[in-house]
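Taken together, the values in this text are just the output of simple stated rules run on the coordinates, not laboratory data. These figures come from a predicted structure and were not determined experimentally. Don't worry about glycine lacking a Cβ; one is built from the backbone with ideal geometry, like all the others, and counts go over all protein chains shown.
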Ligand code: C2E
Ligand code: MG
Ligand code: MG
Ligand code: MG
């Protein structure tokens, strides 16, 4: 049913949010307070090796535990935050909280993992860009997590937005030693030229390209992965739900995957048990 998985209940409530303008305004007001009230929470979705099923990383995904509406999807409240002009505060909160969360878990014995954090295009505009770099630097230091274990996920929107300062901010972030991933690849509108020009370490293939079953879908998947490999990028598939999809990804040379086949995003307290699991893989189980 819709409530069994966090991912599904999130989608359910987002429809409620879209229902009326009045409700949207109420939500906007409430969102301003949500951070202070502790209603926002970071969830983590494991990323596993396609070959071994070992968990190698997690993606941090923000959740809003709304007192009346329940768990609200970021897909519905991030656009509202943008209109309200509070994405920057939200974005900084996310970076601090995700790194602090993983830092706490590692202090309590969780093995070292990669951490991916989504960063919206608004964070790359003029003044904000330097604040972004500052927050990343400070939060890394506080958490004790080395920069090379942090991946910032940006989208094609960040890259094509010429009003901002993205190339400079990207350079500054790379100078800190963090990795960069291009999220939702294939769903945006940019040209391929930037892939060669920008220091992108990882390509995340959008779920829509994982779902398709026919010959064209497969050819598309193959082309994306082969291009990413040529450019020395790590390839991560998102939204993997079936073993069949996983086998296809393995055959095409994809490195890592995330999706319900592995696990939905979970709370910080649920993550340690999950990390010990061996997830579906394409080759015999890990040794030891
Ligand atoms: P995304 O970064 O592409 O994240 C993947 C989304 O797919 C997540 O939705 C995740 O829960 C969902 N998902 C994971 N596995 C599966 C699967 O097997 N099947 C299906 N159907 N869905 C799956 P979520 O958490 O609702 O986030 C939606 C989007 O909101 C994210 O897409 C990202 O663009 C944005 N977002 C989430 N958290 C943050 C954040 O902290 N900051 C910013 N700026 N954006 C965020
Ligand atoms: Mg992402
Ligand atoms: Mg994505
Ligand atoms: Mg996506």
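Miscellaneous remarks
- Sorting 127, 194 from the fewest to the most surrounding beta carbons within 10 angstrom yields 127, 194.
- The length gained on full extension between residue 277 and residue 134, counted as 0.36 nm times the residue separation minus their Cα-Cα distance, comes to 47.9 nm.
- Summarised in one figure, the compactness ratio Rg/Rh of the stretch 114-248, Cα atoms and Kirkwood Rh, is 1.00.
- On full extension, the segment bounded by residue 197 and residue 176 gains 5.7 nm, given 0.36 nm per residue less the C-alpha separation.
- Counting neighbouring Cβ atoms within 10 Å and putting the fewest first, the residues 130, 191, 76 line up as 191, 130, 76.
- Over the chain, Cα pairs under 8 Å with separation of 6+ residues give a relative contact order of 22 percent.
- Span from the the stretch 63-110 Cα centroid across to the the stretch 141-209 one, whole angstrom: 19 Å
- Expected 222 nm ellipticity per residue - DSSP helices of 4 or more, -39500 (n - 2.57), all of the chain, to 500: -14500 deg cm²/dmol
- Rounded FRET efficiency, nearest 0.05, which uses the C-beta distance separating residue 68 from residue 269 and R0 of 25 Å: 0.55
- Highest GNM mean-square fluctuation among 199, 79, 46, for the chain modelled with Cα contacts below 10 Å: 79.
- Here the label points at residue 107 and residue 83, each 7 Å from Cα along the C-beta direction, are separated by 3.9 nm in the simple model.
- Under the criterion of Cα pairs below 8 Å and six or more residues apart, the relative contact order for the stretch 59-191 equals 23 percent.
- Calculated FRET efficiency, residue 161 to residue 260, Cβ-Cβ distance, R0 = 25 Å: about 0.20 to the nearest 0.05.
- Stretching the chain fully between residue 26 and residue 215 yields a gain of 63.4 nm (0.36 nm per residue, less the alpha carbon separation).
- Here the label points at residue 190 and residue 41, each 7 Å from Cα along the C-beta direction, are separated by 3.4 nm in the simple model.
- Sites residue 33 and residue 223 - FRET efficiency at Förster radius 41 Å, r taken between beta-carbons, to 0.05: 0.30
- Cα gyration tensor category, rounded, prolate or oblate, for the chain with a/c compared to 1.5: rounded
- Taking the fewest neighbouring Cβ atoms within 10 Å as the starting point, the ordered list for 44, 220, 209 is 220, 209, 44.
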